[in-house]
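The values are calculated or read from the model by the stated rules, or taken from the named source; none is laboratory data. The model shown is predicted, which means the values in this text are computed figures rather than measured ones. No Cβ is skipped: glycine too gets one built from the backbone with ideal geometry, and neighbour counts run over all protein chains shown.
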């Protein structure tokens with residue numbers, strides 16, 4: 001009886017320890033970015049007509065890098081890599097129309113597109129990673145549509161920034 005209990009305890013211990021097999025903390029960076037620890041984030045370019053959008057995009061990306069924790073944000077002089085980016089598009093589409101006029105939207109979705117390139121800080125001709133990230137948010141059409149769009153833009157940029165940092169930190 002005692003021998004059976006010992007075998008069950010040993011089996012339970014082995015099962016508990018093997019359930020964590022394959023999982024580990026850290027070290028999930030793509031191989032091309034294994035030596036990158038700090039990233040400089042200069043001001044993103046703005047290919048849209050939205051004022052201050054480049055400032056919002058740059059701030060959002062820097063905050064996403066800090067929150068993720070895989071990399072640190074640094075000055076260009078002290079960084080291992082430089083993240084260059086451009087806010088390419090801000091698109092709006094209707095989600096829901098008015099009951100009385102189907103051409104009048106009541107709710108919109110905005111989608112932002114960030115195109116980015118991560119370059120080696122010592123050799124700017126060497127591209128470490130590049131891609132495009134999108135983020136979406138929703139807004140209700142109110143009397144002041146411009147204010148509603150301005151209020152929804154940071155959320156879409158945050159989501160695009162999280163996708164960008166996920167690509168840098170995890171490879172997808």
Discussion item. List pairs: first residue in the stretch 60-83 and free of Cβ contacts under 8 Å to residues at least 24 places away in the same chain, second residue surrounded by 17 or more Cβ atoms within 10 Å (Cβ to Cβ) anywhere in the structure, Cβ distance under 7 angstrom, at least six positions apart or on different chains.
Written reply: 62/41
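Tell me whether the stretch 155-166 contains one or more residues that are surrounded by fewer than 14 Cβ atoms within 10 Å (Cβ to Cβ), touching a residue at least 12 places away in the same chain (Cβ under 8 Å) and in contact with a strand residue (DSSP E or B) (Cβ under 8 Å, 6 or more places away or on another chain). Outline the logic, then answer.
Initial filter on the stretch 155-166 (surrounded by fewer than 14 Cβ atoms within 10 Å (Cβ to Cβ)): none.
No, because not a single residue in the stretch 155-166 is surrounded by fewer than 14 Cβ atoms within 10 Å (Cβ to Cβ), touching a residue at least 12 places away in the same chain (Cβ under 8 Å) and in contact with a strand residue (DSSP E or B) (Cβ under 8 Å, 6 or more places away or on another chain).
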Response to the item:
Note on residue 88: of the conditions (1) in a strand (DSSP E or B); (2) in contact (Cβ under 8 Å) with a residue 60 or more places away in the chain, unmet is (2)
Worksheet entry | Residue within the stretch 108-128 that is outside any strand (DSSP E or B) and either surrounded by 13 or more Cβ atoms within 10 Å (Cβ to Cβ) or within 13 Å of the chain's Cα centre (by Cα) (or both) present | yes
Worksheet item: Going through the stretch 31-59 one residue at a time, which ones are without any contact (Cβ under 8 Å) to a residue 40 or more places away in the chain and surrounded by 16 or more Cβ atoms within 10 Å (Cβ to Cβ)?
Response: 54, 58, 59
Worksheet entry | Selection from the stretch 133-143 of residues that are surrounded by fewer than 15 Cβ atoms within 10 Å (Cβ to Cβ) and either touching a residue at least 40 places away in the same chain (Cβ under 8 Å) or in contact with a helix residue (DSSP H, G or I) (Cβ under 9 Å, 6 or more places away or on another chain) (or both) | 138, 140, 142
Fill in: Selected residue (only one of 28, 70 is surrounded by 12 or more Cβ atoms within 10 Å (Cβ to Cβ), in contact with a helix residue (DSSP H, G or I) (Cβ under 8 Å, 6 or more places away or on another chain) and closer than 19 Å to residue 162 by Cβ)
70
Worksheet item: Somewhere in the stretch 77-86, is a residue modelled with pLDDT of 95 or more, surrounded by 15 or more Cβ atoms within 10 Å (Cβ to Cβ), within 17 Å of residue 111 (Cβ to Cβ) and in contact with a helix residue (DSSP H, G or I) (Cβ under 8 Å, 6 or more places away or on another chain)?
Response: yes
